[in-house]
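Just so it is clear, none of the values below were taken in a lab; they were calculated from the coordinates. Treat the numbers as computed from the prediction; the structure is a model and nothing was measured. Counting neighbours? That spans all protein chains shown, and the Cβs are built from the backbone with ideal geometry, glycine included.
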Amino acid sequence: MWTGDTWFVLSNLVQKDFKIRYRNMSLGMLWSVLNPLVMMSVLTFVWTQVLKTGTMSEYAINVLCGLVPFNFFAISWVTGTNSLVENAGLIKRVLVPREIVPVASVLSNCLHLFVQVGLVLLLVVAVGRGVNRYWLLLPFIWIFAIFFICGLALACAALNVYVRDMRYVVESSTTVLFWLVPIVYPFSMIPPKFHPLYDYNPLAALIMAMRNILVETRAPAESLLLKLGGVSVFMFLFGWIFFKAMKRRFYEFL
Amino acid sequence: MSVIELKAVTKTFPHHTERMLLRKHIVHWFSRVKVEPFYALREISFSIERGESLAIVGHNGAGKSTLLSLIAGVAQPTVGSVHVDGRVSALLELGSGFHPDLTGAENLILNASLMGMNRKEVVAKYDQIIDFTGLGDFINEPLRTYSTGMMMRLAFSVAIHADPQIVILDEVLAVGDAEFQAKCRAAINAMRTEGRTLLFVSHAAADVRRMCDRAVWLDHGRLMMHGPVAEVIDAYEGRVAAQIAQ
């Protein structure tokens with residue numbers, strides 16, 4: 001029976017990931033900002049200068065509103081999926097609740113995320129969009145998204161223990177997702193017959209909500225928020241229950 | 001009153017040298033061949049009383065570590081039941097959960113929380129733990145600069161300060177130097193007099209005889225003998241000597 005302090009372990013594991021990541025980078029936090037900025041610049045150049053669609057500043061903030069959620073989503077999904085196998089030593093030797101490991105791995109990407117969201121907000125203000133009251137919705141939207149990814153990471157991490165190919169499936173899926181989700185193109189360009197497919201994709205919903213609030217300075221549609229919330233809660237519960245069912249035999253397979 | 005009770009415990013492992021890849025899973029599903037699992041433990045039953053210290057002896061691969069993992073709660077029995085009463089502090093392997101890039105002090109806090117200590121306990125015992133390690137200023141150096149012995153000092157110090165009712169030590173005393181080994185033995189003896197339960201795996205028969213009152217002898221996953229330490233060790237050593245003589 002585990003009698004320890006689960007939250008204390010979780011916070012220690014998240015801190016461990018921070019420290020390891022940033023101790024090995026001479027530029028530290030700057031990398032969090034640099035990566036999306038470089039991607040934004042390249043995509044903006046291609047789309048506005050090569051393909052000649054739209055104006056530069058418009059495109060830049062739109063694409064950044066897509067890149068930041070995507071980056072968080074992709075990195076968390078991949079590291080979360082690998083987390084159990086990478087921490088096999090911990091799982092096999094220490095009696096911590098196993099759920100902590102994938103969740104800590106997702107949460108440790110949050111500092112990255114805060115910095116990147118800060119960068120988006122800064123750029124939005126810089127291009128003259130200004131602060132609006134809908135910004136207050138952003139934390140809730142992100143909390144839902146984090147719940148969704150935790151659920152996804154729990155399920156995929158558990159599967160990855162039994163079928164090690166899972167990590168390659170996830171890595172390929174993130175590449176596919178980059179093009180299937182409206183990151184480099186606006187949602188309005190997607191033919192309406194495909195819209196229902198996008199509705200229940202929380203990453204697409206997250207990006208659309210970010211653009212609604214920050215670029216179009218309006219509240220996201222209620223139905224969008226409801227679906228995002230519903231899908232996130234469902235995914236988290238599913239991941240949690242699935243993980244519980246799978247964890248009994250982790251020891252033998254790690 | 002028994003703190004640990006095993007009832008007809010069997011633990012099997014699938015033969016999965018390569019089965020973890022999707023291709024192997026598919027082949028396995030379609031082939032319909034029943035793969036005989038590997039029996040790490042077969043119908044083991046015994047119990048340990050509070051304050052007892054138990055040695056577990058046996059050849060490599062006899063199932064000692066599997067047995068300890070079951071008692072520590074990190075593995076579940078395939079058949080049978082394991083009942084454990086009280087906080088277990090298990091040193092199943094040197095520095096489980098340690099990270100080479102974190103300093104000794106950072107690893108200490110992380111490890112203490114993994115061992116089940118809460119924030120208050122860690123704050124209260126922090127200096128005491130560092131003091132016990134005898135690592136001095138090295139505590140603020142990254143763990144990758146540590147020797148095996150130094151890592152053991154850190155791991156052991158955390159484990160005994162976690163206020164466990166049951167301490168599991170799997171081959172960990174071997175790497176410390178004479179001075180620290182003496183310190184560990186003193187700490188272990190102190191814990192025994194406080195009525196804590198000790199489970200001990202070691203190939204050093206002298207240590208086993210000195211520190212344990214009872215012993216369990218495992219052979220290929222079967223319980224050969226369970227009784228007073230001297231009798232079990234004598235029987236075990238007799239068997240080993242006979243095998244070498246052959």
**Fill in**
Between the Cα axis of helix B:104-114 and the main Cα principal axis of chain B, the angle (0 to 90°, nearest 10) is 50
**Within 10 Å of each Cβ in A:8-18, the average number of Cβ atoms from other chains** = 5
**Quarter of Cα convex hull surface for region A:162-232, i.e. mean projection, nm²** = 5.9
**Prompt:** Taking the Cα centre of region A:6-253 as the origin and placing charges on Cβ (Lys, Arg +1; Asp, Glu -1), which of A:VAL14, A:SER57, A:VAL115 is farthest toward the positive end of the dipole?
**Reply:** A:VAL14
**Message:** 5 Å is the cut-off here: which amide hydrogens, built 1.01 Å from N in the peptide plane, fall below it relative to B:MET224, excluding neighbours closer than 5 in sequence?
**Reply:** B:TRP217, B:LEU218, B:ASP219
**Request:** May I ask for the angle, rounded to the nearest 10°, between helix A:202-214 and the longest principal axis of chain A, with both axes built from Cα atoms and the value confined to 0 to 90°?
**Result:** 40
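Out of all DSSP beta bridges in the protein assembly as shown, what portion is antiparallel? Express it as a percent rounded to 5.
55
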**Prompt:** Once you charge only the Cβ atoms, +1 for Lys and Arg and -1 for Asp and Glu, what is the size of the charge dipole of region A:6-253 about its Cα centre, to the nearest 20 debye?
**Reply:** 520
**Request:** Using a/c under 1.5 as the rounded threshold, could you call chain B rounded, prolate or oblate? The axes a ≥ b ≥ c are square roots of the C-alpha gyration tensor eigenvalues, and prolate needs a/b larger than b/c, oblate otherwise.
**Result:** oblate
**Message:** What does the structure give for A:84-96 when I average, per residue, the other chain Cβ atoms found within 10 Å of the residue Cβ?
**Reply:** 5
**Item:** Contour minus Cα-Cα distance for A:TYR134 and A:PHE238 (0.36 nm per residue)
**Value:** 34.4 nm
**Asked** When ranked by the protection proxy of mean other Cβ atoms within 10 Å per residue, highest first, what sequence do the peptides B:207-219, B:173-185 form?
**Response** B:207-219, B:173-185
**Asked** With the contact rule set at Cα under 8 Å and sequence spacing of 6 or more, what percent relative contact order holds for region B:32-130?
**Response** 16
**Message:** Looking at chain B as a GNM with Cα springs under 10 Å, which of B:ALA190, B:ALA90, B:ALA230 has the largest mean-square fluctuation?
**Reply:** B:ALA190
**Request:** Once you have the Cα-Cα distance between A:LEU122 and A:SER11, take 0.36 nm times their residue separation minus that, and quote the gain in nm to one decimal.
**Result:** 37.1 nm
**Complete:** Rounded to the nearest 10 degrees, the helix A:30-44 long axis (Cα) sits at an angle to the longest Cα principal axis of chain A of 40
**Request:** Just report the Cα centroid separation between region A:183-229 and region A:137-167, whole Å.
**Result:** 20
**Item:** Length-normalised contact order of region B:98-162 in % [C-alpha pairs under 8 Å, at least 6 apart]
**Value:** 50
**Message:** Looking at chain B only, what percent of DSSP beta bridges run antiparallel? Nearest 5 please.
**Reply:** 55
**Request:** Please give the length that would be gained between B:GLU231 and B:GLN246 if that part of the chain were fully extended, namely 0.36 nm times their separation in residues minus their C-alpha to C-alpha distance (nm, one decimal).
**Result:** 3.1 nm
**Message:** To the nearest 20 Debye, how big is the dipole of the protein assembly as shown about its Cα centre, given +1 on the beta carbon of each Lys and Arg and -1 on that of each Asp and Glu?
**Reply:** 1280
**Complete:** Phi-derived 3J(HN,Hα) across region B:50-59 with the Karplus relation (6.51, -1.76, 1.60, θ = phi - 60°), rounded Hz, x for Gly and Pro, is 4, x, 7, 10, 10, 9, 10, 10, x, 5
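Too long at a 18 Å Cα-Cα cut-off: which of B:LYS7/B:LYS64; A:LYS92/B:LYS11; B:LYS11/B:LYS64; B:LYS24/B:LYS64? Mind dumping the intermediate values first?
Working: B:LYS7/B:LYS64 16 Å; A:LYS92/B:LYS11 15 Å; B:LYS11/B:LYS64 12 Å; B:LYS24/B:LYS64 30 Å.
Where the Cα-Cα span goes over 18 Å, the pairs concerned are B:LYS24/B:LYS64.
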